[in-house]
Every structure is written in structure tokens, then in C-alpha cells.
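Please read the structure below before turning to the comments.
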Amino acid sequence: ALNHVKKNGKAKYQLYDPQMSERLKEKTSIELALESSAQNGEFDLYYQPVIDIVSGSICGFEALIRWRHPSMGLISPEKFIPIAEQSSSIVAIGRWVLHRACSDIRSALDAGVQMPPIAINLSGKQFSQINLVDDLMTILAEYQLAPKNLSIEITEGVLMTDPIASKNTLGKLRDLGFSLALDDFGTGYSSLSYLKNFSFDKVKIDQSFVRELLVNSSDAAIVKAIINMGHNLGLRVLAEGVETEAQCVFLRDQLVDEIQGYYFSRPLEREQMRQLLHDNRRL
Ligand code: C2E
Ligand code: CA
Ligand code: CA
Ligand code: CA
């Protein structure tokens, strides 16, 4: 069907795609709902353990946002983060995540639980905010925490929009003591050797390469190459999306440093995280 639209006074004909209009409707309702979500207490933060493959113990957690909308139900961050990124709501969401993570770390520390660093995902808009570094330091101070309590994750895409500014920001964060991870590696267009010029400590191999590791020989080759090159560049290498023991064995044989995935644990509520840390300490 053809849809008649008028733009700048000129009549135009556009192909009408019912699926497209469904997506648009969904996007618009998500955009609208996002505006009140933070105030309404609809967000929650989950924590997925990261395992040091040599010691077998927990060396960190990744904070992952969850959104429970009263009528739309559980909405995946894969769906709403990109939409939030297009409006300015991502900045408020990012701030909410930081406050919640810091508050959870603070209360665990106060309860005598030793907390490994919590990894925070920073979106492009958040990362390129001019006052990002000051904001981070102010929030940390509010909870009497230090940069070593957090680890920052950004993706290649975020880096490449403005490599010079990114390099600058990453350098500052590193000097302050944050650890820095390059997320979803392999899905963008950059090479690891180029990324050596940035101050990363860790590279996270995207789960799309881990998924078919044992059945797809090119995925296996890519994973091996990322591990070797990462190590040659002095980076720690983490594999995400590890779901089976066989994947885990393969990755261990290839000397990956850290693993994260359902094989060890799904993302947990903060009480479960605390419990796990408590039990882990006694092992
Ligand atoms: P990500 O940063 O790559 O996070 C890893 C995703 O993989 C998470 O999905 C996690 O639940 C999922 N995952 C972990 N282990 C496994 C596994 O073994 N198998 C499979 N199939 N999946 C696994 P989640 O929580 O749905 O988050 C999706 C994406 O949304 C994240 O991808 C990240 O890009 C974004 N996101 C989540 N929380 C935040 C946040 O607080 N801020 C920002 N800016 N983005 C966030
Ligand atoms: Ca991440
Ligand atoms: Ca990732
Ligand atoms: Ca991802």
C-alpha cells in the first residue's frame, strides 16, 4: 500500500510497511514509558558473576539493568537501551544505574562483604558527556567509594564515533583508577592492535563467537586469535555467553582469563549476589 505524506509542502509517496508501523508504535510507546520509568521505580539492577578461570573464584560482577513496566511487562535492555540512546533519557537511566550500583556496593561493604569490582555499561551518549568523569567521581564520593570499586565497559562503536575524545576520557578514567573493558569485541570494525592505543585492561569477546565455538570452526579461529592478540597486547581476555562445560573447557585450554555466562550463573538480584560472595569466601 502507498501512504500519502506531505513533507515541506511537497507531496511524496512512501511505501507503507505495516511491520514498520508496528515497530514505530512500539518504539513510541517505549519512548513515552521511559520518561516516567525511573521515578516510578520500574528499574532494577541485576548482577552477573565473572569467574577467574585460574582460581575458579568470582573476580567481578557485571551490572545489568531490568525494566518491569506495569502493563508492558519485562522489557529487555536490548530493546529499550537503543531507544533511550536516541532520546536523552539514556543519561538519566545511566545515572540511575550508577547510583543503584554504588548504593548496593556500599551496603554490602557495610555488611562486611568483600566486594569485587562491579562493571557498569556506559552508553555512547553517557560516555561522551562532557562532565562524565566529574559525575562519576561525585557519585562515588557520595557513597564513600573509590574508582577501584567500579569497572567501566564500552563498546567499539562508542569508541569510534570520536576516537580522539574517547582516548582522552579513557586515559583520565584509567589514571583515576577505574578498570576499563572493551565490550562486545569482534562485532565492530576495529582491530585489537589499533585499540592498544587506548587504555583498556580487558577485552570481552562477544557472545556471538562463543555460542557456536564448538561447531563453527571460523568462530573457534576468531576466538583463538582474539585471545592470543589480547595477551600479546597485555590485556586480560574475558569470554561472555559461556553456557556449557565444553565451551568452558575449550576456553580454558586456549588460556582465556575470565568467563561469564549461564554456565556459571545468570544475572542475580543483589541479595543473591551477597549470598554468593558470602559462600564463596568460605570455600
Ligand atoms: P552486554 O553488555 O553484552 O551484556 C551481556 C548480555 O548477555 C546480558 O543481557 C546478559 O544477561 C546476557 N548473558 C549473559 N550470559 C549469557 C549466556 O550464557 N547466554 C546468553 N544467551 N546470554 C547471556 P541483558 O542483560 O539482556 O543486556 C543486554 C544488553 O543491554 C547488554 O549487553 C548491554 O549492551 C545493554 N545493557 C544492559 N544493562 C545496561 C546498562 O545498565 N546500561 C547500558 N548502557 N546498557 C545496558
Ligand atoms: Ca557489557
Ligand atoms: Ca558484551
Ligand atoms: Ca551484547
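Read-outs throughout are calculated quantities, based only on the coordinates presented, and are distinct from any laboratory measurement. Keep in mind the model is a prediction, meaning the values are calculated, not measured. Don't worry about glycine lacking a Cβ; one is built from the backbone with ideal geometry, like all the others, and counts go over all protein chains shown.
A few points about this structure:
- Radius 11 Å from Cβ of Gln126, net charge of other residues (Lys, Arg +1; Asp, Glu -1): 0
- Neighbours of Glu62, meaning other residues whose beta-carbon lies under 10 angstrom from its beta-carbon, give a summed charge of -2 when Lys and Arg score +1 and Asp and Glu score -1.
- Members of Lys25/Lys167; Lys79/Lys167; Lys172/Lys204; Lys25/Lys148; Lys167/Lys224 lying beyond 31 Å, as alpha-carbon distances in this model show: Lys25/Lys167; Lys25/Lys148
- Peptide packing: for 26-39, 65-78, the average count of neighbouring Cβ atoms within 10 Å per residue gives the ranking 26-39, 65-78, highest mean first.
- Across all Cα pairs in the chain, the calculated P(r) in 10 Å bins from zero up to the longest distance comes to 6, 25, 32, 24, 9, 3, 1, 0 percent per bin.
- Each DSSP beta bridge with both residues in the chain is either parallel or antiparallel, and the antiparallel ones are about 50%.
- Kyte-Doolittle mean at least -1.0 and Cα axial length at least 24 Å: DSSP H helices in the chain: 18-37, 89-110
- A cut-off under 12 angstrom between Cβ atoms defines the neighbours of Glu156, and their net charge, with Lys, Arg +1 and Asp, Glu -1, is -3.
- Proximal aspartates and glutamates relative to Lys202, as straight alpha-carbon distance under 17 Å, when same-chain residues fewer than 8 apart are discounted: Asp52, Glu62, Glu153, Glu156, Asp175, Asp183, Asp184, Glu240, Asp257, Glu258
- Computed over the chain, the per-residue total of -39500 (n - 2.57) for DSSP H runs of n ≥ 4 gives a 222 nm mean residue ellipticity of -14500 deg cm²/dmol, rounded to 500.
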